[in-house]
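Written below as structure tokens is the structure these notes are about.
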Amino acid sequence: MDHAPTGPRGGTTGGTRPQGRLRPRIGLVLLVADPSEDLSGVIEALRGRGLRGVLSPLGKNVFHIVNEADPRAVVLRAGVSSWLELLGFLGRRGIATIVIGTPQQLRAAGESAAEPIGVLHPAEPIEIAETVELVVGSSSDDLPDTIDLGNLVIDVRGRAAVMGGRDLRLPPKEFDILVQLAIRAGEPIASIDLVRKVWPDNPRASIDDLHCRVKMLRDALGDRDPANRLLENRRGYGYVLNRAPIQVD
């Protein structure tokens, strides 16, 4: 006999996990809840796993976001208006869905056309993030755990970087830029490609945003000598992280 899958805290969902239908998508996880609900802790917990969470109240705009962004997963708070309609829509799209709700709500989700994973309400942010990662995997799965460039060592999963024995303490976007450049150290990366990698869920992000963040990254790296740039802008080719990092005093 087939058994319905359960969430980490025993919420019956019905159906099977949609593993076979999952495809690598941008690292966007859409969180749908009441406008008054604070899910910032979940967004922060997702970020620590290399996933990008954005919050949207349920409405026509959610269906548009799903169509445009094709998120890797949707976290849906059961009980918001028309949530079962959205659940069916996500099921037809084959998008992994984590439903947070009461046992009764999770049973209703299991009877829908979708194949959600259930988490009993209330749930801690880290529990929700762990469930998302269990279903879809981390967007950093294709990245190395560590990048060692000698004087510069990056702990990708731990989101930490050390240069010349000094912790860099980079903001999220500056860290993401550094990782992308370090993976292909010595090779120029076009600015538009960096924008797409660092802001995969923000179509409004621009090259100007990238330039601003690169300037802040250079300041954090102590990369002040134009004649000996660690992070170099090669006109017509893009940005490149030189293979021999400069020494930081």
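Values in this text are rule-based calculations from the coordinates and carry no lab data. Keep in mind it's a predicted model, so treat the numbers as computed, not measured. For neighbour counting, all protein chains shown are included, and Cβ atoms are generated from backbone atoms with ideal geometry for every residue, glycine included.
Which FRET efficiency, nearest 0.05, do E37 and L134 yield, Cβ-Cβ r, R0 30 Å?
0.85
Can you list residues from other chains, or at least 5 along the same chain, whose modelled amide H is less than 5 Å from the amide H of A73?
Result for A73 returns L30.
For the peptides 185-198, 90-103, what is the packing order when you average, over each peptide's residues, the other Cβ atoms within 10 Å and list the highest mean first?
90-103, 185-198
Under 20 Å from a point placed 7 Å out from the Cα of V162 along the Cα-to-Cβ direction: which residues of the stretch 202-242 have their backbone N that close?
Counting only backbone N, you get 220-223.
Go ahead and run the numbers for FRET between S56 and D209, Cβ-Cβ distance against an R0 of 30 Å, rounding to 0.05.
So, using R0 = 30 Å, E works out to roughly 0.90.
Using the basic label-point model (7 angstrom from Cα toward the beta carbon), what is the Y237 to A190 distance in nanometres?
Once both label points are built, they end up 1.6 nm from each other.
Estimate the FRET efficiency between N202 and R107 by the formula 1/(1 + (r/R0)^6), using the beta-carbon distance for r and 45 Å for R0, to the nearest 0.05.
Efficiency at R0 = 45 Å is approximately 0.75.
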